[in-house]
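Attaching a single structure in structure tokens format; questions to follow.
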Amino acid sequence: MDESNNRKTMNKISYGIDAPKVIRNLFLVGIIFLVLAIFLPAITISKVQIQTAQISFTIALICIIEAALMLLYSLVGKFKHRDRMLKLHEWKGNEMVLDVGTGHGLLMIGAAKRLTTGKSLGIDIWKNSDLSNNTLQQTEQNAVLENVSDKIKILSQDITHTTFRDNYFDVVVSNLCLHNIYNKEGRATACKEIYRILKDNGVAIISDFKHTGDYKKAFESQGMNVEKIGIYFIDTFPPLTIIRAKKIR
Ligand SMILES: C[S@@+](CC[C@H](N)C(=O)[O-])C[C@H]1O[C@@H](n2cnc3c(N)ncnc32)[C@H](O)[C@@H]1O
């Protein structure tokens with residue numbers, strides 16, 4: 001990308017495309033099966049005729065619809081889901097907030113807009129496979145363009161071992177991050193870390209498309225008061241579920 005193109009991207013608010021390679025691969029596989037549906041002849045195996053064209057067409061349709069729904073979530077649905085998540089807390093304005101796996105700052109910036117004296121922090125390890133153009137600089141730029149740069153702080157940290165002290169945050173939010181920790185123990189460690197850094201009476205609002213039952217159990221095992229909200233089929237894809245867990249004294 002030349003310098004002027006680079007400057008153009010950096011001057012725009014962008015919340016990125018989630019799982020860009022998955023979307024690209026689904027589209028590619030869909031197109032391959034669509035071509036196969038046109039050219040494949042029917043196969044007969046011991047007098048049974050297999051309609052390969054119909055099978056290929058069905059696979060193509062499933063892949064293309066999934067890719068389109070994922071793209072639609074990234075471009076439209078995620079903003080509705082962000083507001084839905086943030087509405088699950090009664091904001092006073094003075095909270096210390098952490099967005100785990102902030103990416104381009106979707107929840108960190110959304111929370112910052114609800115603060116007066118509080119501060120909204122975002123941590124990430126900036127994986128490009130999880131979000132397009134995933135850089136700290138793009139997130140900083142978004143905060144400037146959204147007029148919240150005085151209320152936010154972005155740090156490069158992994159949720160399985162943060163440097164925050166115990167009982168530090170009033171609210172911890174996270175969307176589509178924890179499933180990216182590939183082993184069960186790692187995800188349980190992340191939930192324990194969230195519990196550790198939450199203040200008494202603090203709340204964790206965690207959204208994901210899988211493993212939410214495990215997060216619920218992990219928070220319950222710490223003695224938290226846990227509620228499972230959703231699944232949301234209409235405006236999120238893959239459909240998301242929210243776990244709201246309160247740390248009780
Ligand atoms: C699908 S993106 C979602 C970004 C943002 N939460 C949103 O909803 O737009 C997942 C993000 O989690 C980050 N991530 C993955 N594993 C992480 C970890 N162990 N600690 C912190 N962030 C992580 C990725 O780098 C990526 O930015």
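Each value in this text was obtained by applying a stated rule to the coordinates, not by laboratory testing. Predicted, not measured: the structure shown is a model, and the values here were computed from it. Heads up, the Cβs are rebuilt from the backbone with ideal geometry, glycines too, and the neighbour counts pull from every protein chain shown.
Taking Cα pairs under 8 Å and at least six residues apart, what relative contact order does the chain come out at, in percent?
Details: 464 pairs, mean separation 42.6, N = 249.
Dividing the mean separation by the residue count of the chain yields 17 percent.
Ok, one more. Could you give the angle, 0 to 90 degrees to the nearest 10, between helix 212-221's Cα long axis and the longest principal axis of the Cα atoms of the chain?
Tilt of helix 212-221: around 30 degrees.
Related question: For Thr58 and Asp83, calculate 0.36 nm times their separation in residues minus their Cα-Cα distance, and state this gained length in nm to one decimal.
Net length gain for the segment: 5.5 nm.
Given R₀ = 35 Å, what would the calculated FRET efficiency be for Asn25 paired with Lys153, taking r from the Cβ atoms and rounding to 0.05?
Details: r = 35 Å, r/R0 = 1.00.
After rounding, the FRET efficiency stands at 0.50.
So what are the ³J(HN,Hα) numbers for the stretch 106-123, from phi and the Karplus equation (6.51, -1.76, 1.60; θ = phi - 60°), rounded to whole Hz, Gly and Pro as x?
With coefficients 6.51, -1.76 and 1.60, one gets 3, 7, 4, 6, x, 5, 4, 5, 9, 9, 10, 9, x, 9, 10, 9, x, 10 Hz.
If I model a spin label at Asn11 and Glu227 as a point 7 Å from the Cα along the Cα→Cβ vector, what separation in nanometres do I get?
4.5
Also: Once the piece of chain linking Tyr168 and Ile45 is laid out straight, how much longer is it, given 0.36 nm per residue of separation minus the C-alpha distance between them?
Values: separation 123, 0.36 × 123 = 44.28 nm, distance 6.61 nm.
So the extension gain works out to 37.7 nm.
Comparing Glu140, Glu220, Glu185, which has the greatest mean-square fluctuation in the GNM of the chain with Cα pairs linked when under 10 Å apart?
With Cα springs under 10 Å in the chain, the top fluctuation among Glu140, Glu220, Glu185 is at Glu185.
Label Arg196 and Leu136 with points 7 Å out from Cα along Cα→Cβ: what is the distance between them in nm?
Once both label points are built, they end up 2.1 nm from each other.
Need one number: % antiparallel among DSSP beta bridges in the stretch 103-249, to the nearest 5. Let's see the in-between values first.
Numbers: 13 of 24 bridges.
That works out to approximately 55 percent antiparallel.
Here's a follow-up. Calculate one ³J(HN,Hα) per residue across the stretch 62-75 by plugging θ = phi - 60° into the Karplus curve 6.51 cos²θ - 1.76 cosθ + 1.60, and present them in order as whole Hz with x for glycine and proline.
Along the stretch 62-75, the couplings run 4, 4, 5, 5, 4, 4, 5, 5, 5, 5, 4, 4, 4, 8 Hz.
OK, next. Near the amide H of Ile17, under 5 Å away, which other amide H atoms are found, from residues 5 or more places off or on another chain, if H is placed in the peptide plane?
Amide H neighbours of Ile17, under 5 Å, 5+ apart: Ser132.
As a test, work out the antiparallel percent of DSSP beta bridges whose residues both lie in the chain, rounded to the nearest 5.
Numbers: 17 of 37 bridges.
Beta bridges within the chain, antiparallel portion: roughly 45 percent.
Before anything else, pin down the relative contact order of the stretch 169-248: Cα pairs under 8 Å, at least 6 apart, normalised by residue count, whole percent. Let's see the in-between values first.
On the way: 144 pairs, mean separation 26.9, N = 80.
Worked out over the stretch 169-248, it gives 34 percent.
A further question on this structure: If each residue of separation counts as 0.36 nm, what is the full-extension length gain between Ile234 and Ile248 once their alpha-carbon separation is subtracted? Provide the component values of the computation, followed by the final result.
Numbers: separation 14, 0.36 × 14 = 5.04 nm, distance 3.29 nm.
Taking 0.36 nm per residue and subtracting the Cα distance, the gain is 1.7 nm.
Amide H to amide H under 5 Å from Leu98: which residues, 5+ apart in sequence or cross-chain, H placed 1.01 Å off N in plane?
Leu121, Val171, Val172, Val173
Beyond 27 Å, what share of the Cα-Cα pairs of the stretch 97-249 is found? Please give it as a whole percent.
Working: 2016 of 11628 pairs.
Here the tail beyond 27 Å accounts for 17 percent of pairs.
Oh, and also: Can you list the chymotrypsin sites (Phe, Trp or Tyr not before Pro) in the stretch 144-208 that are in a DSSP coil and have 15 or fewer other beta carbons within 10 angstrom?
On the way: sites: Phe164, Tyr168, Phe169, Tyr182, Tyr195; in loops: Phe164, Tyr168, Tyr182.
Sparse-neighbourhood loop chymotrypsin sites (Phe, Trp or Tyr not before Pro): Tyr182.
While we're here: Taking 23 Å as the cut-off for C-alpha to C-alpha distance, list the pairs among Lys119/Lys217; Lys153/Lys228; Lys92/Lys246; Lys184/Lys228 that go past it. Numbers along the way, then the final one.
Details: Lys119/Lys217 29 Å; Lys153/Lys228 29 Å; Lys92/Lys246 16 Å; Lys184/Lys228 19 Å.
Beyond 23 Å between Cα atoms: Lys119/Lys217; Lys153/Lys228.
Enumerate the calculated ³J(HN,Hα) couplings along the stretch 124-133 in order (Karplus 6.51 cos²θ - 1.76 cosθ + 1.60, θ = phi - 60°), each rounded to whole Hz, writing x wherever the residue is Gly or Pro.
Here the 3J(HN,Hα) series is 6, 10, 6, 8, 6, 6, 8, 7, 5, 6 Hz.
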